[in-house]
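To start, the structure itself, in structure tokens.
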């Protein structure tokens, strides 16, 4: 029976960049286990020969022309920014590396 | 002109065309109604998160001027509409029912909003919803719940409870909703209104804040089938900004509704889905459902039972596909470019990562966090095949069941939701119990087929509305309107008028 | 381990004990007019956040639409690399959080790249290495952050950052090689040659400026060592911030030496991403990444599959430029270069420069001489790639014409290049401004020759006696008096005339 431990929930919360309090962790883990158990019921339902559906409609090759279309002004882009400086988004110091 | 707020959109359009009223009068009447009954998070219907009095009236004035100048007009020009707060609207906040987007005003309009504006419909405001469309009761809104006009201690359904309640409370003749697992249809069922989920790709998603991209659709929320057809035709059709939108013309929906209203369904084959009735379905809901079947038969339809065996897996499949896509869609809310920014307490010079974490903890509610964690888990390396990958294959089985069924019948039917409106707070502590509300609506989203819910009557045990769901093959949305209109006409005959004539008066509740 | 305490094994010793395995990931920024998924301009520069829209800003509700021209360029690159082109492929989301990525996922391709299983034949010192190409796929670029505060302007220690999303969404093609084995001591050179020749190919296709100094060609270098003859691949490290062809070569060399030291000490290589520093010639450790490996890839649900028809692919195959190996052979023959001469030209990355110079009217050997010696030296001194020096083929041809017309001689021509690099104008203008023209007036020359003869009677006698070679000293004297502005050949003629 699939289960998510409290530690795993904490790890997932880190992956998802959400701070969860101890109380939240205590609360969430059992709820998630219950949900997971119920959704795990579908394992084995579809054999490997059944292709996955990623789209209900069988569309392919939807492209646009390589032609410039007017977008937003810098003012519009920055209007809702929590912080801006020199026409750029000001963000707190970044710890990780670029990828 | 009798109470403008109790008139259907089609009749309002006719009145405008006949010069019997003005858009300003209509719009003002609805704004007055909103002021009288909508109240706030604590009392009243609370269907609206934001009312745009100024903007709506300005648009109404412009509409009247166009009409006076003899300009060519869309049929619905001047008829006011409400928009679910998950759709981007320039100049108006778009919160998705979440604190993380409190006060966010988009710099662009969703395509469907653009189409409303281009057609001249005044936008009354933005309606309440479960946070990021995750829920079946609108109790997960960060701004307080919406209440069911039939009983203010009950839920109006979700995630689009606001739009449905607004229409049921006569605060708007028309509204836009979105449906990912039933978020238009289920509120329609529990509020006695009409709600349609179009064929996937039939209506543009550009500007719809995505929950589950492969399942979401925008659709009409109205009081009548004809009104829904009018609104659906206006917003539907190909959009080059949405790569998943279908490049085929919307079939004649208004035409189908008018034809259906004549009441003749001879030659129609109707399939009752075996797996979507019986245990778990409230007796009163089933009773109204069976009566509606009898009415379809009386109209000339042939009703048979059809089994769709993989539908029993639909709920589990949905609660895998949707959180996975949603967990990725919601990653963009990180306090860097817009929305809430919360600094972690007691941390000097916090890093970007710390600010993201504190913000997302403060800005997202419990249900959203649950689904993000679940989705993150199911997409993790080592788990993809077992969860998301498997779910996408079960989707194929569900689509195949629909295909096989539609080989034998023209439409499929079921009760829209297993129960009538439950009390506020009743299912909040039991997420799984909450998810069960979507049992009957989810299969359509997984397969991309269109569905409608229209009122089938009041359940005997509680006097609350139940809904009748019709499903059609992809691109055959017109069948929903034909069958829906026919059933609606028969039911109105039986009731002596629309079901909403019976909704309790709301005057004075907003105090 | 701090930077200064890196132990390195001498290069020859590395090769005695280990076989290197190389892997190169090159990102090419396409020169389409618009971005990968929206109609914003993909142009370089521009005021911050002026080339943005809801889609590339990742605003809630916005949706991507694929740029057909980018797909076309991707297919052409794949074909030029002898790849199979997918009959059906999709975009996928690569999920991770980083402020320069507006959606906190990158729309890329995962297990369904548009091109795969190809190769490129790379020439190094007359030998041909076949580099196998695992895949080429489409993805989008990120925005750019500048880090404020902190000592070095680099990210570590910065107080905060400012982000510009103009670059976010520009189309990138990522080209990944299979492990390159058997290069041995040539590994650094092979790496460099691969990147250089890949660049030539990209430029010949016309799909990108492909300049490392402008960031539209980026290379990440992967290296591992395995004990000689063991056949078992070792743990690899990835090195980023390799911003020039020279850096590619140096970084490979450095990592080989660093890995060897660790392995020699009996320790294990820590699998990580490292950062190259061109100024100090070392790599340093990047921040350890704990969760970065789990990108939780899944197919992008807002986009539909790309299924290029075989007709379209064949049509595009017809637009490919000449195969580089064949092209080089053809040019070598047309120019009359020896194998050695051609090899040097290829190694210096100046094939195209010479081709363009010849097209402007210069003789191949003259073009070769200028690019390989004079300009290569200057590029080296300035620490830039020769193609980034700032001298154009047209200018080189113009200078050579001045030499051919005897307006200047070789030595003076070098001063013309000084002027070109200083931005003083056209070659003709520089000659004028600096007064570099060779004196063509025989009268003045004659006088100078007479003076030289008078000043060097012994040398003059030798010449009268038939020792023509001695003329060199007199020529030198004349040139000195003329301040170099004389045609040495004419001077020699005059000397011999007068002394015969």
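Spin-label pair residue B:298-residue B:73: with each label point 7 Å from Cα along the Cα-Cβ axis, the two points sit 3.8 nm from one another. Once the Cα-Cα distance is subtracted from the 0.36 nm per residue extended length, the residue B:423 to residue B:507 segment shows a gain of 28.1 nm. For segment C:348-484, what does the alpha-carbon gyration tensor say about shape, rounded, prolate or oblate, given a ≥ b ≥ c as the root eigenvalues, a/c under 1.5 as rounded, and a/b over b/c as prolate? The shape class here is prolate. Label sites at residue C:465 and residue C:235, each approximated as a point 7 angstrom past Cα along Cα to Cβ, lie 7.7 nm apart. Model label sites at residue C:333 and residue A:63, defined 7 Å from Cα along the beta-carbon direction, differ in position by 3.6 nm.
Projecting the alpha carbon convex hull of segment C:442-499 along each direction and taking the average yields 3.2 nm². If a paramagnetic tag sat 7 Å from the Cα of residue C:489 along the Cα-Cβ line, which residues of segment C:386-413 would have the backbone N under 18 Å from that point? The answer is C:398-413. Rounded to two decimals, the Cα-based Rg/Rh of segment C:1-106, with Kirkwood Rh, is 1.13. Where only DSSP H runs of four or more residues are counted, the protein assembly as shown gives -11500 deg cm²/dmol as its mean residue ellipticity at 222 nm, each run worth -39500 (n - 2.57). Alpha-carbon geometry of segment C:3-316: the Rg and the Dmax are 19.9, 59 Å, given in that order.
Take each residue of peptide B:240-252, count the partner chain Cβ atoms within 10 Å of its Cβ, and average: the result is 4. Here the contact order of chain B, divided by its residue count and restricted to Cα pairs under 8 Å and six or more residues apart, works out to 18 percent. Taking every DSSP beta bridge that has both ends in chain B, the antiparallel portion is near 65%.
Would you kindly calculate the translational diffusion coefficient of the protein assembly as shown, applying Stokes-Einstein with the Kirkwood radius from alpha carbon pairs, for 25 °C and a viscosity of 0.890 mPa s, and quote it in µm² s⁻¹ without decimals?
74 µm²/s
In the frame of its principal axes, chain B has Cα extents of 70, 55, 45 Å, reported largest first. Taking packing as the residue-averaged number of other Cβ atoms within 10 angstrom, the listed peptides C:194-204, C:261-271, C:380-390 run from highest to lowest as C:194-204, C:380-390, C:261-271.
Set the Förster distance to 30 Å, then compute FRET efficiency between residue C:13 and residue C:130 from the Cβ-Cβ distance, nearest 0.05. So the FRET efficiency works out to roughly 0.60. Normalised by the number of residues in segment C:442-499, the mean separation of alpha-carbon contacts (under 8 Å, six or more apart) gives a relative contact order of 39 percent.
Can you give the FRET efficiency for residue A:75 and residue A:6, using 1/(1 + (r/R0)^6), R0 = 51 Å, r = Cβ-Cβ distance, to the nearest 0.05?
Given R0 = 51 Å and the Cβ-Cβ separation, E is 0.65.
Take each peptide in B:274-287, C:97-110, C:48-61, count the other Cβ atoms within 10 Å of every residue, and average; sorted highest first, the result is C:48-61, C:97-110, B:274-287. Estimated from the Cβ-Cβ distance and a Förster radius of 60 angstrom, the FRET efficiency linking residue C:496 and residue C:146 is about 0.35. Does chain A come out rounded, prolate or oblate, given a ≥ b ≥ c as the square roots of the eigenvalues of its C-alpha gyration tensor, rounded meaning a/c under 1.5 and, failing that, prolate meaning a/b above b/c? The shape class here is oblate.
May I ask you to derive the relative contact order of segment C:324-434, considering only C-alpha pairs under 8 Å and at least 6 residues apart, and to give it as an integer percent? Could you put the intermediate results ahead of the total?
Values: 86 pairs, mean separation 22.8, N = 111.
Over segment C:324-434, the number comes to 21 percent.
Here, each number is a calculation from the coordinates, and none is a lab measurement. All of these numbers come straight from a predicted model, not from anything done at the bench. When we count neighbours, we look across all protein chains shown, and the Cβ atoms used for this are built from the backbone with ideal geometry, even at glycine.
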